[in-house]
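I have placed the structure first, in the form of structure tokens, so that the comments after it can refer back to it.
The values are calculated or read from the model by the stated rules, or taken from the named source; none is laboratory data. Not measured: the values here are computed from a predicted model. Cβ placement follows ideal geometry from the backbone for every residue including glycine, while neighbour counts extend to all protein chains displayed. Keep in mind that these areas ignore ligands, DNA and RNA; they rest on the heavy atoms of the full protein, side chains included. Shrake-Rupley method; radii C 1.70, N 1.55, O 1.52, S 1.80 Å.
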Amino acid sequence: MDFVSGLRCRECGRAYPAEALHVCDYCFGPLEVSYDYERVAATMTRERIAAGPRSIWRYADLLPVADPAPVDLGAGFTPLIRAERLAAELGLGELWIKDDTANPTGSFKDRVVSVALTKARQLGFKVAACASTGNLANSVAAHAARAGMESVVLIPHDLEKAKVTMTAVYGGRVISVEGSYDDVNRLCAELTSEQPSWAFVNVNVRTYYAEGSKTLAFEVAEQLGWQAPDHVVVPIGSGSQLTKVAKGFAELWKVGLLDEEPSVRISGAQASGCAPVATAFAEGTDAIRPVKPDTIAKSLAIGNPADGWYALDAIRTSGGSCASVTDDEVIAGIRLLARTEGIFAETAGGVTIATLAKLAAQGVVRSDERVVALVTGHGLKTVEALTGEVGPTTTIAPTLEAFAAAMGGDSLSTNESDARSTS
Ligand SMILES: *Cc1c(COP(=O)(O)O)cnc(C)c1O
Ligand SMILES: [Zn+2]
């Protein structure tokens, strides 16, 4: 039994049943899942969670679908890693990395897809579909294979090679569209009415999909000993993840799982080549102007973000900030995280780390705060971004002499061992 009391319009508050609905019939506002929090509070204890699986499903009482055998590849319960060396470089105090590179298909999207397809299967859908900037495609194809569902994923034609291969290998249909993500998304919105028997995870079952991101907040709090952090830095694509991270902390308090009322500042991270939310934040407006994306951070390249306004609102009400970083800064962010903490992130992770660095330098993220940065995807997905940036320090013949010459008297305790450009 789940604890869902229904769906509710985020704009006008009208109630709907928990079906495959995503917009309000009256005002076209997005729908959100609501729960019977009193019943959740009476059931969901720290002990019950600790006895649950080491995945997002340990928090099933606050997820929109109950299923003893969910569509599950083991998403979630990823490491929360204390990052002392990175903190020292950035002049911060207590810094943690939420390492979502460790998810089954290498990104945080496994959280949302596991929830979406479990609900879709329960609603009777046989086909899983999506519009994707890459990681969602990987995850939908993998989870559909696991569930024995067919999959149809639509991607923009210029995605990173690894993301295309990683999607196609699972055997579903991969449709490459000559257009941007926003074009693909529009096509999917049209297809949703043509194909009512397909579950488009980020369209007609988006309401359920979105709830999966709350598990980032749940895990961070549990891993910090049931305390909320002071500040979280979250990358923004559609803005759904950031919005739901905020909801997640609020829900934990509502159901009595935290000792202290959380006061979490939430800051957003975008790439300068696609920064509609950061721009609106900087200009102090409510209007998010769509942009045409041009950035190496393709997983965040959504020019017209569906939840952009809600993300902006969550940032402002939490007292956080929102900034954007150039592609060069993204690459520097990827390298900085790898060099200091041994974590290899994709470009979206580079956006988070570079934005964290920028906000720390501005004094917005402070050294007296307990800070968590969400690193949401694995670096092997976007190796192209580092072409010409890193490579072998040197190439030698297989002899001791050549090795000695290459080392040139270098001592390994100096910084000389840093990777050098191959070009
Ligand atoms: C999709 C994605 C995001 C952004 O999530 P939204 O909910 O669209 O804002 C961040 N990081 C990675 C790696 C992603 O794939
Ligand atoms: Zn409404």
List the helices (runs of 4 or more DSSP H) inside the range 33-95, counting only whole elements, that have at least 1 residues being more than 25 Å from D259 (Cβ to Cβ). 84-90
Any residue at all in the range 226-234 that is free of Cβ contacts under 8 Å to residues at least 60 places away in the same chain and of a type in the set (F, W, Y)? no
Go over the candidates A145, A141 one by one and state the one that is without any contact (Cβ under 8 Å) to a residue 60 or more places away in the chain, assigned to a helix (DSSP H, G or I) and under 24 Å from D182 (Cβ atoms). A141
Yes/no for A128 being within 12 Å of V201 (Cβ to Cβ), of a type in the set (A, V, I, L, M) and touching a Ser or Thr at 6+ places or on another chain (Cβ under 7 Å): yes
Filter the range 265-280 down to the residues that are closer than 23 Å to G93 by Cβ and open to solvent by 20 Å² or more (accessible area, probe 1.4 Å) and list them by number. R265
Looking at this structure, is L117 of a type in the set (A, V, I, L, M), open to solvent by 50 Å² or more (accessible area, probe 1.4 Å) and closer than 22 Å to T215 by Cβ? no
If you scan the range 1-31, which residues turn out to be within 16 Å of ligand 1 (Cβ to nearest atom) and over 12 Å from N204 (Cα atoms)? R10
Just to check your reading of the model, which residue among I296, I288, I302 is open to solvent by less than 20 Å² (accessible area, probe 1.4 Å) and of a type in the set (A, V, I, L, M, F, W, C)? I302
Looking at E389 and the list (1) more than 23 Å from G134 (Cβ to Cβ); (2) among the acidic types (D, E); (3) over 20 Å from the mean Cα position of the chain (by Cα), which single condition is not satisfied? (1)
Residues of the range 1-29 that turn out to be more than 9 Å from ligand 2 (Cβ to nearest atom) and touching a residue at least 40 places away in the same chain (Cβ under 8 Å), as a count: 10
Being small (G, A, S), touching a helix residue (DSSP H, G or I) at 6+ places or on another chain (Cβ under 7 Å), within 26 Å of N304 (Cβ to Cβ) and within 16 Å of ligand 1 (Cβ to nearest atom), is that true of even one residue in the range 59-76? no
